[in-house]
Amino acid sequence: MEYFLQQLINGITLGSIYGLIAIGYTMVYGIIGMINFAHGEIFMIGSFIALTAFLALAALGITFLPLVLLIILIVAMVFTALWGWSIERVAYRPLRGSFRLAPLITAIGMSIFLQNFVQVTQGARVKPLPPQVTGGITLIDQGGTVVQISYMQLIIIATTTVLMIGFSFLISRTSLGRQQRACEQDQKMASLLGVNVDRTISLTFVMGACLAAVAGLMYLLYYGVIDFYIGFLAGVKAFTAAVLGGIGSLPGAMLGGLAIGLIETFWSGYFSVEYKDVAAFSILVIVLIFMPSGLLGRPEVEKV
Amino acid sequence: MSATTSAWMLDPVLKVEHLTMRFGGLTAIDNLSFEVGRGHITALIGPNGAGKTTVFNCVTGFYKPTEGRISLRRGRGIDDAAVEELTKSGQQFGNVANGSVYLLERMPDFKITEVAGVARTFQNIRLFGGMTVLENLLVAQHNRLMRASGFTFAGLLGLPGYRRAAEAAKDNAITWLKHTNLLDRADDPAADLPYGAQRRLEIARAMCTGPALLCLDEPAAGLNPRESAELNTLLRYIRDEHDVSVLLIEHDMGVVMEISDHIIVLDYGKKISDGTAAEVRNDPKVIAAYLGVDDEEVDAVEEDLAAGLPHATSPSTTTQAQESRS
């Protein structure tokens with residue numbers, strides 16, 4: 001029981017990170033019907049920017065941890081958002097209205113480009129960061145078996161929850177969210193009502209990148225090592241999460257992220273670590289056989 | 001067509017001049033000019049394929065016309081010289097004496113709604129089916145809201161300025177829901193409404209953008225007589241109470257003849273008649289276009305009319321031509 005509880009905590013933490021990345025996939029798919037394969041790399045860039053900001057702050061002698069974390073969070077979000085915006089502007093917007101596969105191929109190209117760009121400029125070796133947030137709360141301590149939630153895990157889960165609430169509010173209640181949903185349903189009509197479709201799509205990429213930056217920062221702090229390649233597997237997992245939850249659905253992305261995180265953690269905890277990815281992807285296959293539109297996805301509606 | 005100056009020429013809200021639209025080798029609209037009078041309901045009619053919807057698409061920025069000028073004038077009594085000057089300056093729009101002029105053929109579609117104030121509806125209904133009725137009307141007011149919300153940040157924080165703007169938008173939406181009898185359906189998904197209600201909602205949504213000119217593409221299509229009558233009332237209300245000019249395409253002659261202040265008839269991309277309902281109804285060219293007689297026969301009819309002879313259309317030719325047309 002204690003072991004189960006501990007794995008549950010670990011799984012939720014990992015799932016939160018996946019969920020944050022998955023939202024970027026699902027939002028972009030919702031609005032322009034394209035899988036942004038470069039999104040995993042956005043996450044990777046987010047964690048590199050966070051590391052850079054951390055080192056810069058350390059060099060400046062700012063060491064008060066909450067302040068440092070806050071500054072890093074903001075810096076990472078702003079700069080990663082800038083990357084997200086530029087990528088959309090340079091690689092995707094010129095191809096809008098082109099045939100369906102064109103932006104998909106560009107996205108894969110963009111992903112490879114970003115990986116190599118970071119490899120060349122930052123080096124191929126892993127970048128370590130010593131643990132910054134240490135300690136935790138011991139929930140159960142029973143003769144050797146300890147169930148603990150670390151402060152880091154608490155930060156990750158709390159941040160994700162807050163972001164998700166803010167995000168749902170933004171999509172369902174604000175004017176920008178309404179515009180995004182309108183663009184999702186009928187871009188041409190939205191633009192005839194005066195919605196600036198290009199700007200709305202740009203903002204969608206910016207929002208996805210912001211969340212990926214938060215995930216990048218959390219990943220850096222949680223695992224303590226990053227390299228230019230982390231975006232690939234995290235990206236594939238998050239994409240899987242988005243599909244599992246039902247691509248195009250925001251709560252679906254979060255749910256899918258949690259599901260993938262939990263499956264992975266429990267499989268490594270009870271069976272074998274080597275096969276955790278196999279388990280995650282097998283579940284995806286099984287769910288999609290019985291629920292082709294994912295857990296919370298709406299059934300495919302023919303768009304005209 | 002009378003040579004005297006008609007009411008709509010004195011102060012047009014929209015003036016289309018020498019509009020030509022070609023698709024490859026096909027000329028859909030050929031050197032078309034007309035005016036839409038301020039505060040008028042103007043109907044654009046013609047047989048199928050006459051180019052009516054293409055005119056709409058040019059006016060609302062869906063298509064970039066091959067040639068021609070489409071100028072929207074907000075403010076009373078703007079003279080052509082001012083429009084000419086703006087055209088030469090190369091700008092998309094600008095302020096002139098008494099108001100402002102927008103050259104629609106130069107503007108991207110979202111700006112035509114946002115800046116110039118032209119709203120439209122479609123032949124096939126294009127509501128945001130997954131959003132509620134109220135949300136459909138709020139999307140149409142997002143420009144005001146976005147500005148008030150400081151591009152969302154203030155909206156997220158719920159600052160008073162944004163709240164006030166949001167309330168105002170909601171009030172405006174509710175006013176329109178009342179006038180279209182949709183208030184009790186405000187929170188239902190738009191796709192769940194019956195057909196006639198969806199048509200009314202489209203008009204309400206277009207009005208929520210705060211237009212100077214409302215373009216309706218076959219608003220009465222598929223409506224039953226009672227709903228058509230309600231539509232007439234709604235359009236008159238829009239013209240009289242909101243000072244909005246209406247340009248509509250319609251096949252339902254009952255609606256057209258009853259509410260139009262001015263009718264323009266197109267056939268094969270050209271204007272064949274232009275005048276009040278009474279003038280157009282008696283124009284032999286219009287009768288010919290609708291009943292489909294040969295050109296020679298039109299000439300004959302015109303000659304007959306000019307000579308003051310009583311004219312009888314031979315039933316056999318008319319029927320034949322009608323069949324070949326359909």
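Across region B:46-72, what is the number of residues that are of a type outside the set (Ser, Thr, Tyr) and under 18 Å from B:Ile112 (Cβ atoms)? Working first, answer last.
First, pick out the residues of region B:46-72 that are of a type outside the set (Ser, Thr, Tyr): B:46-52, B:55-59, B:61-62, B:64-65, B:67-70, B:72.
From what's left, under 18 Å from B:Ile112 (Cβ atoms): B:55-59, B:61-62, B:64-65, B:68-70, B:72.
Of the residues in region B:46-72, 13 are of a type outside the set (Ser, Thr, Tyr) and under 18 Å from B:Ile112 (Cβ atoms).
For residues that are closer than 23 Å to A:Arg199 by Cα and either within 8 Å of another protein chain (Cβ to nearest Cβ) or buried (at least 16 other Cβ atoms within 10 Å of the Cβ) (or both), tally how many sit in region B:87-102. Explain how you work it out, then say what you get.
The initial filter retains those residues of region B:87-102 that are closer than 23 Å to A:Arg199 by Cα, namely B:91-93, B:102.
After this cut, where a residue has to be either within 8 Å of another protein chain (Cβ to nearest Cβ) or buried (at least 16 other Cβ atoms within 10 Å of the Cβ) (or both) as well, the list is B:92-93, B:102.
Counting residues in region B:87-102 that are closer than 23 Å to A:Arg199 by Cα and either within 8 Å of another protein chain (Cβ to nearest Cβ) or buried (at least 16 other Cβ atoms within 10 Å of the Cβ) (or both) gives 3.
So B:Thr60 passes all but one of these: (1) surrounded by fewer than 19 Cβ atoms within 10 Å (Cβ to Cβ); (2) in contact (Cβ under 8 Å) with a residue 60 or more places away in the chain; (3) hydroxyl-bearing (Ser, Thr, Tyr). Which condition number does it fail?
All conditions pass for B:Thr60, except number (1).
How about region A:93-136: which of its residues are under 30 Å from A:Cys183 (Cβ atoms) and among the aliphatic types (A, V, I, L, M)?
A:Leu95, A:Leu101, A:Ala102, A:Leu104, A:Ile105, A:Ala107, A:Ile108, A:Met110, A:Ile112, A:Leu114
Report, by residue number, each residue of region A:170-181 that is at the interface with chain B (Cβ under 7 Å from one of its Cβ atoms) and under 23 Å from the mean Cα position of the chain (by Cα).
Across region A:170-181, the qualifying residues are A:Leu170, A:Thr174, A:Leu176, A:Arg178, A:Gln179, A:Arg181.
If the requirement is being at pLDDT 90 or above and on the phi < 0 side of the Ramachandran plot, which of these qualifies: B:Leu182, B:Leu157, B:Leu213?
Just one listed residue meets the conditions, B:Leu213.
Within region A:211-225, track down each residue that is out of contact with any strand residue (DSSP E or B) (no Cβ under 9 Å at 6 or more places or on another chain) and buried (at least 24 other Cβ atoms within 10 Å of the Cβ).
A:Leu211, A:Ala212, A:Ala213, A:Val214, A:Ala215, A:Leu217, A:Met218 - these are the residues of region A:211-225 that are out of contact with any strand residue (DSSP E or B) (no Cβ under 9 Å at 6 or more places or on another chain) and buried (at least 24 other Cβ atoms within 10 Å of the Cβ).
So which strands (runs of 3 or more DSSP E) are wholly in region B:16-122 and hold at least 2 residues that are polar (S, T, N, Q) and out of contact with any helix residue (DSSP H, G or I) (no Cβ under 8 Å at 6 or more places or on another chain)?
Working: elements: B:26-37, B:41-45, B:67-74, B:93-96, B:99-103, B:118-120.
Answer list for region B:16-122: B:26-37.
Would a scan of region B:195-202 turn up a residue that is within 15 Å of the chain's Cα centre (by Cα) and within 12 Å of another protein chain (Cβ to nearest Cβ)?
yes
Name every residue in region B:176-194 that is aliphatic (A, V, I, L, M) and within 8 Å of B:Val133 (Cα to Cα), in order of residue number.
B:Ala186, B:Ala190 - these are the residues of region B:176-194 that are aliphatic (A, V, I, L, M) and within 8 Å of B:Val133 (Cα to Cα).
Right, B:Lys170: free of Cβ contacts under 8 Å to residues at least 24 places away in the same chain and closer than 16 Å to B:Leu138 by Cα or not?
no
Please find, within region A:140-162, the residue that is surrounded by the most Cβ atoms within 10 Å (Cβ to Cβ) out of those that are within 12 Å of A:Tyr3 (Cβ to Cβ) and either without any contact (Cβ under 8 Å) to a residue 24 or more places away in the chain or hydrophobic (A, V, I, L, M, F, W, C) (or both).
Among those that are within 12 Å of A:Tyr3 (Cβ to Cβ) and either without any contact (Cβ under 8 Å) to a residue 24 or more places away in the chain or hydrophobic (A, V, I, L, M, F, W, C) (or both), it is A:Val147.
Please determine whether any residue of region B:238-253 is over 22 Å from B:Pro12 (Cα atoms) and part of a helix (DSSP H, G or I).
Yes, the conditions are met somewhere in region B:238-253.
Being assigned to a loop (DSSP other than H, G, I, E, B) and of a type in the set (A, V, I, L, M) is the filter here; which residues of region A:260-297 pass it? Show your work before the answer.
Looking only at region A:260-297, we keep the residues that are assigned to a loop (DSSP other than H, G, I, E, B), and these are A:271-275, A:291-297.
Of everything in region A:260-297, those that are assigned to a loop (DSSP other than H, G, I, E, B) and of a type in the set (A, V, I, L, M) turn out to be A:Val273, A:Met291, A:Leu295, A:Leu296.
Quick check: is even one residue across region A:182-189 within 14 Å of chain B (Cβ to nearest Cβ), of a type in the set (Lys, Arg) and buried (at least 17 other Cβ atoms within 10 Å of the Cβ)?
Checked region A:182-189: no residue is within 14 Å of chain B (Cβ to nearest Cβ), of a type in the set (Lys, Arg) and buried (at least 17 other Cβ atoms within 10 Å of the Cβ).
Residues in region B:128-146 that are at the interface with chain A (Cβ under 8 Å from one of its Cβ atoms) and either part of a loop (DSSP other than H, G, I, E, B) or not aliphatic (A, V, I, L, M) (or both): how many? Walk me through it before giving the result.
Of all residues in region B:128-146, those at the interface with chain A (Cβ under 8 Å from one of its Cβ atoms) come to B:128-131, B:135, B:138-140, B:142-143, B:145-146.
Right, trim to either part of a loop (DSSP other than H, G, I, E, B) or not aliphatic (A, V, I, L, M) (or both) and you get B:128-131, B:135, B:140, B:142-143.
Qualifying residue count for the region: 8.
All but one of (1) aliphatic (A, V, I, L, M); (2) out of contact with any Gly (no Cβ under 9 Å at 6 or more places or on another chain); (3) within 14 Å of another protein chain (Cβ to nearest Cβ) hold for A:Met207; which doesn't?
Result: A:Met207 fails condition (2) only.
The values are calculated or read from the model by the stated rules, or taken from the named source; none is laboratory data. This is a predicted model, so every value here is computed, not measured. When we count neighbours, we look across all protein chains shown, and the Cβ atoms used for this are built from the backbone with ideal geometry, even at glycine.
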